[in-house]
Amino acid sequence: MTRIYIIATALLILTSCYNKRKDVAINTYQEADLSNASEDPLWERTGRGLHASFGSTDVRYSKYKVPMEIVVKDFELTAWKGERINTQIVLWTVSDIKQVECVWQPLVSENGDTISTTKINTRFVRYVIADKYGNGCGERTNDPTNAHLVADVLDQLPAMDMVAHTVRPVWVSFDVPEDVSPGKYTSSVKIYSKKNSPQELRLTLNVQNKQIPSCDQQKFHLNLRQNPLAIALWHDVKPWSEEHFKVMKPYMRLLAEAGQKSVSCLLYEGVNEDVTFNLPTSMIQWVRTSNGKWKFDYSVLEKWINFMQENGIDKHINLYSILPLNKQLFYRNEKDGQSNLISLKEDSELRREILKTYFANLRQFLADKGWMEKTSIVIEDKNQEDLSDFIYWMRKYEPDFKITLITKRYRPDLLDSVQHLGLSAQYISAESMLELLEVDDTKTSLTIDCSLERPNLFSFSSPAEATWFGWFAAAHGLDGLYYSGFNDWNANPLIDGRSIYAPAGANALVYPDCRSSIRFEKLKEGIQDYEKLNVLSKDFTSNDLEELAKIQARFTVHRMNDNEAEIVVKKGREIINKLSER
């Protein structure tokens, strides 16, 4: 009886100690809830308290299903100097739990070298409503039978509460310093919560004696199209005001740190009218004078490009596009300030004269700023019958402009006229790439759009598919990747990621208030792998090339199934890690 009393007293003392952690203010939004927790019978066999385990970054864990029955308390990662490496912790509980916190210890090597906890970024994974692929591109309805929750948003919070019978993944990123000594580093994380004993997980990080190039030195041409006005709308600030640029800075730094090379500039009203709710999207103001001539105000365009360059995105300038959306030109009358429009649908003398005047004036502005050499007009093949005419027109009247062609199909007839070609994965083959390599100075990018169910970057896509793109680019000799949706948010993106025009997540890789996503972090992993292969290629032997060729041959769209991306990326990384030990 005395022994039982002593044990009970000890437990009471321990519990009271756990309760002495300071209360943490948790200011966040109310997450979407499509509760069906009672459907998983494993909850009945799950013990009390908070459960914790290392998981896989290639899994989107369900919010309402027990994630695993065998826990993993020890985990090992391998990274280069300068690399960001990720892992995922999974938490689950059968009862309500307050104030779950993750507290890391510094990483310490066998020689006593340390990596500070400031290099460890812990973010709670949040759930957002998604749909299914369905018919892919094109208008769709938000069918409630297709609605489900997916783990995607990464939220920088000090702690979170957990509801009974739910799961909460935690995304952990380690930024390995460039000047760190190679070796084996160990750390541990304690997961605290109110009225529960802390859980401890242990991690080993193997730092190899290789270094990832810094973002500004990376070869991979990352081009994610930005929508600055969606940021103004979300933060309720006046477009292009000082406050607007202030709130945009964290987003663009996040983009620059991923290796972004291009600034997206909108030449006309209406390019993104479906997601910016009729805000004035053009960065150039068109003014028609009383005598019928045209004037152009480039002040916003100049501010935007300067801002992006100051934040590390300064290699290329992309202009969208040769004609406005629906070929309706909006302008302002100088005399009365009224807005008007002109239809440019017909290939008329009026349209030709307007475009000649516009692009000649724009060219002079860009040349005066010293930006012409890194500027290209983006032409997309949404209207195939106009494609050749547009390119011919630009080559005839404005040959100094470079052309970026974004196309879903391979167009060998246009290769000599473009400087950068974005091509969908299903149209990339060994034969087409050999032909492209014969064209001098043509850069090639993988274009990701909603025409493919997988691989893709939808919020419900397998996370490994985002990493797969970097490997695909390396395997096929591509220079980079183009994706049109960095932050084209809908009205309520933190709750519901569905769109009326494409599958969920197709319009945005990041979330408001500069929240990253699982997809964005996994995409960056693939870019790092691309850079690793480029560094290692200088010392490849014939045996290395043969081994690598076998795995790279598997990076084709036609082999893709539910877990193919995860399998081939894992095998590819095993080869990289082995070669990096030399």
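The values are calculated or read from the model by the stated rules, or taken from the named source; none is laboratory data. Because the structure is predicted, anything quoted here is derived from the model rather than measured. Note that each Cβ is placed from the backbone with ideal geometry, even for glycine, and that neighbours are counted across all protein chains shown. In case anyone asks, the SASA skips ligands and DNA or RNA and just uses the protein heavy atoms, side chains included. Shrake-Rupley method; radii C 1.70, N 1.55, O 1.52, S 1.80 Å.
Each row is one residue, and each column tells you yes or no for (1) out of contact with any Ser or Thr (no Cβ under 7 Å at 6 or more places or on another chain); (2) over 29 Å from ARG84 (Cβ atoms); (3) open to solvent by less than 20 Å² (accessible area, probe 1.4 Å).
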{"site": "SER241", "(1), (2), (3)": "yes, yes, no"}
{"site": "VAL287", "(1), (2), (3)": "yes, yes, yes"}
{"site": "GLN328", "(1), (2), (3)": "no, yes, no"}
{"site": "GLU334", "(1), (2), (3)": "no, yes, no"}
{"site": "ASN340", "(1), (2), (3)": "yes, yes, no"}
{"site": "SER343", "(1), (2), (3)": "yes, yes, no"}
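Within segment 93-108, if we keep just the residues that are closer than 18 Å to ALA52 by Cα, part of a strand (DSSP E or B) and in contact with a helix residue (DSSP H, G or I) (Cβ under 9 Å, 6 or more places away or on another chain), the residue that is most open to solvent (accessible area, probe 1.4 Å) turns out to be VAL103.
If the condition is being crowded, with 19+ Cβ neighbours inside 10 Å and β-branched (Val, Ile, Thr), then segment 54-68 contributes THR57, VAL66. The single condition from (1) open to solvent by 50 Å² or more (accessible area, probe 1.4 Å); (2) closer than 26 Å to GLN30 by Cα that ASP152 fails is (1). One residue stands out in segment 158-175 among those that are more than 30 Å from ARG45 (Cβ to Cβ) and not aromatic (Phe, Trp, Tyr): the one that is least open to solvent (accessible area, probe 1.4 Å), namely SER173.
Of the set (1) in a helix (DSSP H, G or I); (2) surrounded by 24 or more Cβ atoms within 10 Å (Cβ to Cβ), all apply to ASP544 but (2). Once segment 440-476 is narrowed to residues that are of a type in the set (Asp, Glu) and part of a loop (DSSP other than H, G, I, E, B), the residue that is nearest to ASP58 (Cα to Cα) is GLU453. Annotation note: Cβ proximity below 6 Å between a residue of segment 241-254 that is more than 14 Å from LEU224 (Cβ to Cβ) and a residue that is assigned to a helix (DSSP H, G or I) and open to solvent by 30 Å² or more (accessible area, probe 1.4 Å) (sequence gap 6+ or interchain) occurs for VAL247/HIS235. Screening LEU233 on (1) closer than 30 Å to ASP113 by Cα; (2) open to solvent by 10 Å² or more (accessible area, probe 1.4 Å) shows it passes everything except condition (1).
Rundown of residues vs (1) among the hydroxyl-bearing types (Ser, Thr, Tyr); (2) in contact with a strand residue (DSSP E or B) (Cβ under 8 Å, 6 or more places away or on another chain); (3) modelled with pLDDT of 95 or more, yes/no style:
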residue	(1), (2), (3)
ARG3	no, no, no
ILE6	no, no, no
LEU14	no, yes, no
ALA25	no, no, no
VAL71	no, yes, yes
ILE115	no, yes, yes
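The one condition from (1) in a loop (DSSP other than H, G, I, E, B); (2) crowded, with 23+ Cβ neighbours inside 10 Å; (3) more than 15 Å from the chain's Cα centre (by Cα); (4) of a type outside the set (A, V, I, L, M, F, W, C) that LYS532 does not meet is (1).
Checking GLN156, GLN105 one by one, the residue that is modelled with pLDDT of 95 or more and under 27 Å from the mean Cα position of the chain (by Cα) is GLN156 and no other.
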